[in-house]
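Heads up, the thing below is written out as structure tokens.
The values are calculated or read from the model by the stated rules, or taken from the named source; none is laboratory data. Bear in mind that the values here come from a model prediction, so they are computed numbers and not experimental data. Ideal geometry is used to build each Cβ from the backbone, glycine not excepted, and the neighbour counts take in all protein chains shown. For the accessible areas, the whole protein counts, side chains as well, though only heavy atoms, and no ligand, DNA or RNA atoms are used. Shrake-Rupley method; radii C 1.70, N 1.55, O 1.52, S 1.80 Å.
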Amino acid sequence: MLHIELYRTRREHAWLSHAIDLEMKARQPDQERLAKLKRRKLAAKDRITILEARQQRQEQASDGLQPQRA
């Protein structure tokens, strides 16, 4: 299930990048909409980072390895 959530979040991040590009190319970009899209994109990136770390821990656990601690 984690890989599905990670896939969906990556797709959302890509869609938001595209939406930001389109808005910036508009004759008069809506600055409020642009700010909202950028906040959503940043939140998606944060979720991707968390999900990737969780996935890595699961893979290490399934391999019988201890997670590395910083």
Return one number: the angle in degrees, 0 to 90 and rounded to the nearest 10, between the long axis of the Cα atoms of helix 2-25 and the longest principal axis of the Cα atoms of the chain.
-> 20
Return one number: the angle in degrees, 0 to 90 and rounded to the nearest 10, between the long axis of the Cα atoms of helix 31-62 and the longest principal axis of the Cα atoms of the chain.
-> 10
Spin-label pair Ala43/Gln56, simplified geometry with 7 Å Cα→Cβ offset, distance in nm | 2.5
Take the solvent-accessible surface of the protein heavy atoms, probe 1.4 Å, and return the percent of it on the chain that carbon and sulfur atoms account for.
-> 50
About its Cα centre, how strong a charge dipole does the chain have in debye, to the nearest 20, once Lys and Arg get +1 and Asp and Glu get -1 at the Cβ?
-> 260
Specify which residue in the list Ile4, Leu37, Trp15 is farthest towards the positive end of the charge dipole of segment 1-61, using unit charges on the beta carbon of Lys, Arg (+1) and Asp, Glu (-1), about the Cα centre.
-> Leu37
Can you give the accessible area per residue of the chain, in Å², using a 1.4 Å probe?
-> 85
